[in-house]
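Student: Supplied in C-alpha cells, the structure appears directly below.
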Amino acid sequence: MDFENIDEFIDTVEQPTVTDTLQKEYDKDLYKKWFRSKTQSGFLSIKPWYQGLKFKVDIGKTSPDGKLLSNTMVYLDAIDFSSYLNSVANGTGKLNYTQNDKSGVPTNEGFVSYGGGIIESKPISRIFKAHYWQNSDQSFDDSAFVWKCGHFAARKTESGAFIPDMKTSLSVDSIKVTRAELCSIANIVNLSLISHVTNKSDWYAV
C-alpha cells in the first residue's frame, strides 16, 4: 500500500497550497466511517472547508480500546474530488480516470491529488491516492478501493509547488472503501456543494 516514487510527475502538477496558520472554519463531518478487523481498527472522516473550496479528508488508526494510534489528513480540491467520485459512481470512471503509471496510479478508476503546507515552519507534502483494493497476493479487486493519505518531507519551489521526498515518510494511513460506500460519499459531497452554492452566489471566488 506504499506510495510509489512519482517525483518526475509531481514536477508537472500544479499543486494547491494550504497555509496551516490560516484560520479555517469547518462544518461537522459530512461522512464518517469506522472499521474494525482482527488486526486493526480505524476511521475515515470527510469535512467541508467551503472557505477554501476544499474537502478535508482524514484517515486514522485506533487501538482495540479506541485510542488514536495515528492519523493523516489532506485537503482535496472540491471540484476535482467531486468529479472523480461522480464519474466512478455513474460508471464512467474507467473512461475518465484511466491507469496512469507515471502518476503512481496502478489501476483504472484511480485518483491522485498533490498539495502541501507549512507545518511548524517546515514544508510538508500532502498526497491523496485512490485505486482498486490490492489483495495480499498483489492482485487487484475492483469491487473496492484503497484510499491513502500521506505526508512527506518536501522542498517548496519558487512556483509554490511542494516536491516530496518519497523516502522520508512522515505519516501514512489508508482505509478500504467499497464501491457502494464510494457512491454514498459521492451523493453527500454533491448535496453539500449544491447547498453551499445555493446559499453563496460568489462561491467560485475563492
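The values are calculated or read from the model by the stated rules, or taken from the named source; none is laboratory data. Fair warning: this is a prediction, and the values are worked out from it, not measured in the lab. Cβ placement follows ideal geometry from the backbone for every residue including glycine, while neighbour counts extend to all protein chains displayed. We work out accessible area using only protein heavy atoms, side chains counted, and drop any ligands, DNA or RNA first. Shrake-Rupley method; radii C 1.70, N 1.55, O 1.52, S 1.80 Å.
Student: Can you say whether residue 169 is of a type outside the set (A, V, I, L, M, F, W, C), open to solvent by 40 Å² or more (accessible area, probe 1.4 Å), farther than 18 Å from residue 88 by Cα and touching a His at 6+ places or on another chain (Cβ under 8 Å), as far as the supplied structure shows? Lay out the reasoning, then the answer.
Tutor: Numbers: of a type outside the set (A, V, I, L, M, F, W, C): yes; open to solvent by 40 Å² or more (accessible area, probe 1.4 Å): yes; farther than 18 Å from residue 88 by Cα: yes; touching a His at 6+ places or on another chain (Cβ under 8 Å): yes.
Answer is yes for this residue.
Student: Can you find, within region 119-137, the residue that is nearest to the chain's Cα centre (by Cα) among those that are closer than 12 Å to residue 74 by Cβ and of a type in the set (D, E, K, R)?
Tutor: Kept after step one, since they are closer than 12 Å to residue 74 by Cβ, are these residues of region 119-137: 124-130.
Next cut, of a type in the set (D, E, K, R) only: 126, 129.
Working: 126: 9, 129: 6 Å.
Only one residue fits best here, namely 129.
Student: Which of the residues belonging to region 119-138 are at pLDDT below 95 and either assigned to a loop (DSSP other than H, G, I, E, B) or in contact with a Ser or Thr (Cβ under 6 Å, 6 or more places away or on another chain) (or both)?
Tutor: Hits for region 119-138 are 120, 121, 135, 136, 137, 138.
Student: What number goes with the only condition from (1) within 28 Å of residue 28 (Cα to Cα); (2) surrounded by 15 or more Cβ atoms within 10 Å (Cβ to Cβ) that residue 190 does not pass?
Tutor: The number of the failed condition is (2).
Student: Given the conditions (1) of a type in the set (D, E, K, R); (2) in contact with a Leu (Cβ under 7 Å, 6 or more places away or on another chain); (3) surrounded by fewer than 17 Cβ atoms within 10 Å (Cβ to Cβ), which single one is not true for residue 65?
Tutor: Result: residue 65 passes all but (2).
Student: While we're on this one: Pairs only if they're at least six apart or on different chains, beta carbon under 6 angstrom, first in region 177-202 and among the β-branched types (Val, Ile, Thr), second open to solvent by 50 Å² or more (accessible area, probe 1.4 Å); list them, first residue then second.
Tutor: Here the result reads 197/203, each pair linking region 177-202 to a residue that is open to solvent by 50 Å² or more (accessible area, probe 1.4 Å).
Student: Of all residues in region 172-187, count the ones that are among the aliphatic types (A, V, I, L, M), part of a helix (DSSP H, G or I) and surrounded by 14 or more Cβ atoms within 10 Å (Cβ to Cβ). Quick ask: steps written out before the conclusion?
Tutor: Here is the first cut: in region 172-187, the residues among the aliphatic types (A, V, I, L, M) are 172, 175, 177, 180, 182, 185-186.
Remaining after also requiring part of a helix (DSSP H, G or I): 180, 182, 185-186.
Filter once more, keeping what is surrounded by 14 or more Cβ atoms within 10 Å (Cβ to Cβ): 182, 185-186.
Count: 3.
Student: Residues in region 71-112 that are part of a helix (DSSP H, G or I), in contact with a strand residue (DSSP E or B) (Cβ under 6 Å, 6 or more places away or on another chain) and not aliphatic (A, V, I, L, M): how many? Write out each step before concluding.
Tutor: Initially, region 71-112 is screened for residues part of a helix (DSSP H, G or I), giving 78-89, 93-96, 101-103.
Narrowing the set further to residues that are in contact with a strand residue (DSSP E or B) (Cβ under 6 Å, 6 or more places away or on another chain) leaves 78, 81, 84, 103.
Now narrow it down to the ones that are not aliphatic (A, V, I, L, M): 81, 84, 103.
Number satisfying all stated conditions: 3.
Student: Does region 76-89 contain at least one residue that is over 12 Å from the mean Cα position of the chain (by Cα) and buried (at least 21 other Cβ atoms within 10 Å of the Cβ)? I'd like the intermediate steps shown before the answer.
Tutor: Applying the first criterion (over 12 Å from the mean Cα position of the chain (by Cα)) to region 76-89 yields 79, 83, 86-89.
Of the ones still in play, those that are also buried (at least 21 other Cβ atoms within 10 Å of the Cβ) are 88.
Within region 76-89, one or more residues are over 12 Å from the mean Cα position of the chain (by Cα) and buried (at least 21 other Cβ atoms within 10 Å of the Cβ).
Student: Going by what's in this entry, would residue 146 be described as over 20 Å from residue 52 (Cα atoms), outside any helix (DSSP H, G or I), open to solvent by 20 Å² or more (accessible area, probe 1.4 Å) and touching a residue at least 60 places away in the same chain (Cβ under 8 Å)?
Tutor: On the way: over 20 Å from residue 52 (Cα atoms): yes; outside any helix (DSSP H, G or I): yes; open to solvent by 20 Å² or more (accessible area, probe 1.4 Å): no; touching a residue at least 60 places away in the same chain (Cβ under 8 Å): yes.
No: the conditions fail for residue 146.
Student: Sticking with this structure for a sec: Out of all the residues in region 151-164, which are part of a strand (DSSP E or B) and out of contact with any Leu (no Cβ under 8 Å at 6 or more places or on another chain)? Steps first, answer last, please.
Tutor: As a first pass, look at region 151-164 and keep what is part of a strand (DSSP E or B): 151-156, 162-164.
Listed by number, the residues that qualify are 154, 155, 156, 162, 163, 164.
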